[in-house]
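K.L.:
Please see the structure below; I have some questions.
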């Protein structure tokens with residue numbers, strides 16, 4: 001899933017514990033139109049896995065980018081569009 005359009009919203013959730021990072025990501029997606037792109041920056045490891053699995057389970061499409069500081073960015077397309 002390659003997308004050249006800019007994200008409609010961004011969240012920096014590095015340092016935010018599970019499941020709060022998933023909840024905040026989900027709430028941010030609910031504010032967006034179907035098909036919109038959300039960028040969420042997270043710590044690598046468990047936060048990355050938990051948020052990605054939860055959002056995929058709800059039908060959203062995700063792309064993962066590794067960041068230079070060791071964190072990750074999830075580019076999430078809100079389902080329904």
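K.L.:
Would you mind calculating the gained length between residue 46 and residue 31 on full extension (0.36 nm times residue separation, minus the Cα-Cα distance), in nm to one decimal?
P.N.:
Details: separation 15, 0.36 × 15 = 5.40 nm, distance 2.52 nm.
This chain segment gains 2.9 nm when fully extended.
K.L.:
So in the chain, what percent of DSSP beta bridges are antiparallel if you round to the nearest 5? Mind showing how you got there, number by number?
P.N.:
Working: 12 of 16 bridges.
Antiparallel bridges make up about 75 percent of those DSSP assigns within the chain.
K.L.:
Please give the helix 20-30 orientation as an angle from the longest Cα principal axis of the chain, in degrees from 0 to 90, rounded to the nearest 10.
P.N.:
Value to nearest ten degrees: 10.
K.L.:
So, one more: Using a Debye calculation, one point per C-alpha and no hydration shell, please list log10 I(q)/I(0) for region 1-59 at q = 0.25, 0.26, 0.30 Å⁻¹ in order.
P.N.:
-1.13, -1.19, -1.39
K.L.:
Here's another thing I want to ask about it. Round to the nearest 10 and give me the degree value, 0 to 90, for the angle of helix 46-57's Cα axis relative to the longest principal axis of the chain.
P.N.:
On a 0 to 90 degree scale, this one is about 20.
K.L.:
Then there's this: Tell me, rounded to the nearest percent, the portion of alpha carbon pairs in region 27-81 spaced more than 14 Å apart. Each step should come with its number before you reach the end.
P.N.:
On the way: 730 of 1485 pairs.
When every Cα pair of region 27-81 is considered, 49 percent fall beyond 14 Å.
K.L.:
Obtain the nm distance between the two label points defined at residue 23 and residue 56 by a simple spin-label model: each point lies 7 Å from its Cα along the Cα-to-C-beta direction.
P.N.:
The answer from the label model is 2.4 nm.
K.L.:
Grab the DSSP H runs of the chain that are 4 residues or longer, score each as -39,500 (n - 2.57), total them, divide by all residues and round the 222 nm result to the nearest 500 deg cm²/dmol.
P.N.:
Working: 2 runs with 23 residues, N = 81.
Dividing the helical sum by the residues of the chain leaves -8500 deg cm²/dmol.
K.L.:
Here is a further query. What relative contact order, as a whole-number percentage, does the chain give when Cα pairs under 8 Å and 6 or more residues apart are counted? Each step should come with its number before you reach the end.
P.N.:
Values: 137 pairs, mean separation 28.5, N = 81.
Computed over the chain, the figure is 35 percent.
No lab work stands behind these numbers, since they all come straight from the coordinates. Computed from a predicted structure; not experimentally measured. Using ideal geometry, Cβ is built from the backbone for each residue, glycine included, and neighbour counts are taken over all protein chains shown.
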